[in-house]
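The values are calculated or read from the model by the stated rules, or taken from the named source; none is laboratory data. What you see is a predicted model; the values in this text were computed from it and never measured. With ideal geometry, Cβ positions are generated from the backbone for all residues, glycine too; neighbour counts draw on all protein chains shown.
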Amino acid sequence: MGNYWLISVPSAGSTKQEKLNLVKAALAEHGAAPLADVAPFVIPDLKVGTLDSLVLLSDDLAKVDTVAEASVNKLIDTMKMLLNNDTNQVQSTLVVHDKSPDAYVKAFSWNTMKYRVDKPLRETVEAIQQEVSHVDTMMKTRLSTYNQCKANLIALDRKMMGNLAVRSLVDVVKKEHFVLDSEYLTTLLIAVPRCEAGDGSYNNTFSLITAPSRHFLSSTRLSFSQVPVPDFVPDLPRIVPIPPMTLHTCFPFRVLREHKFNEKDLENSRKQRADLMAMEKEQWSQLLRLTKTNFGEIFSCWLHIKAIRIFVESVLRHGLPPDFMSAVIEPRHKQEKKVRDQLNALFGEHRGKRDKQLEQEFEEMSLLAGVEKEFYAYVNFPLAFQI
C-alpha cells in the first residue's frame, strides 16, 4: 500500500536541494528509525499563464485528480479479479514504466516527450483528462464483454449441475433408454425422490404404462433418480397425448421431465462448452494485457496531474516567479502525527500574510461544506493507493 504526501515549500533564498536536506534532517533523527522517507518530486518550470486562469484551473484539477484516482483503483480491482486476489502476482504485474508504483512515485520525472512544458497548462490537463476518459470507456467495454462470456460459461455449467429435476439430461440419458420411431410407445422421464426410487409403484400406477418397464438411470446426492417409462397404447392406432394433470395425479411428488433425445445433443453441449472456455480464456488474456498496459499509463497520468496541482497551488500561494521545492514524503507506520508536527515546526513560523488569509478562507469553506479539514503551512496533496 502506498501512502504518500506530496508537498511544496517556498525556496526563500535557499536552493531546492538545501530545502530538501532541511526536510530530511527534520524527519531523520528520531529514535531508532526516521519518521518518514523523503525524496525529491521534481516538477519542471511549466507555463504559468495568468493568475485568473490558474484559479479556474485549480478547481478543475481537483475533479480530474478524483477521476484519475478512481480510474487507477478500478484497474487495480480488475487486475485483482483476473488474478484471483493473488497479491504477489498483482504486485509483480502492475508496473509503471518498468518500475513498481512506489518506485515510480519516489523517482518521478516529468514526461517531456508526452507533455511539453511550453504548452498551456489547460491543454496539458485536457489531454490527460481525455486519455483517462478513453481508457475508462475502453476498459468498461472490455470488462463487460469478459463478464458476459464468463456468465455464459457459468450458466452452461449450472445447467449440467444440480438435481435431476432441473439439470440438463444430455449427459445422463442414452439412446438405448428410449423407444424411438414407434407409433405406439413413448418414453416418460420422471425425477423421483431417492427414498422412493426402489419401490415398483411406477409399473402399476397408470394403466397405460407397459409393465415392467422401469429402468434406473442415474442419481444425485440431491435425492433424485431418473426413470424412463414407455407408454403403451394398445387400443389406438396412434399415440394419444396424456394430459399433464393426469400424469401429475398418477405420479405425485415426482417431476416429469420433457426431453427429446438427439444423439448430437451431448456432442453439441461439449463443443459449446469448449468454445466458451476458449473464448473466456482469450478474453481473459486480452483483458489482463490491457489492464497491465493501461494501469501504467493512467498511473503516470495521475502523477502528472498531482504535479500540476502542486505547481498551480504553489504559484497561487507563494506568487511569481515559481520558486519552490517539492518533495514526496512517505510517513512510517503510526508516525503521521509526528511528521506533521515536525513539518509545522519547520515551516509554520515562516507563514506570510497570504498563508494566513488562505487558512481563514480554508476554514470557512470547510465549515460550509460540513467537512473538518486541516490547513497546513505548506502545499500538501495526499497520494494513496493499495495493491
- Looking at N147, N84, which is the one that is farther than 28 Å from A39 by Cβ and not in a helix (DSSP H, G or I)? N84
- Per-region count, the range 36-87, residues among the small types (G, A, S) and closer than 18 Å to V315 by Cα: 4
- Query: Would you say R273 is assigned by TED's automatic domain parsing to the domain that holds L83 and either surrounded by fewer than 21 Cβ atoms within 10 Å (Cβ to Cβ) or closer than 27 Å to D98 by Cα (or both)?
  - Reply: no
- Task: Could you give me the residue pairs with C-beta distances under 9 Å whose first residue belongs to the range 275-303 and is within 19 Å of Q91 (Cβ to Cβ), whose second residue is surrounded by fewer than 13 Cβ atoms within 10 Å (Cβ to Cβ) wherever it lies, and which are 6+ apart or on separate chains?
- Result: L290/M138; N294/M138; G296/D98
- Name the one entry in A28, A12, A33 that is surrounded by fewer than 12 Cβ atoms within 10 Å (Cβ to Cβ), farther than 20 Å from E123 by Cα and of a type in the set (A, V, I, L, M). A33
- Going through the range 280-302 one residue at a time, which ones are farther than 24 Å from A70 by Cβ and either acidic (D, E) or touching a Leu at 6+ places or on another chain (Cβ under 8 Å) (or both)? E280, E282
- Of the residues in the range 65-93, those that are crowded, with 16+ Cβ neighbours inside 10 Å and farther than 24 Å from L6 by Cα number 7
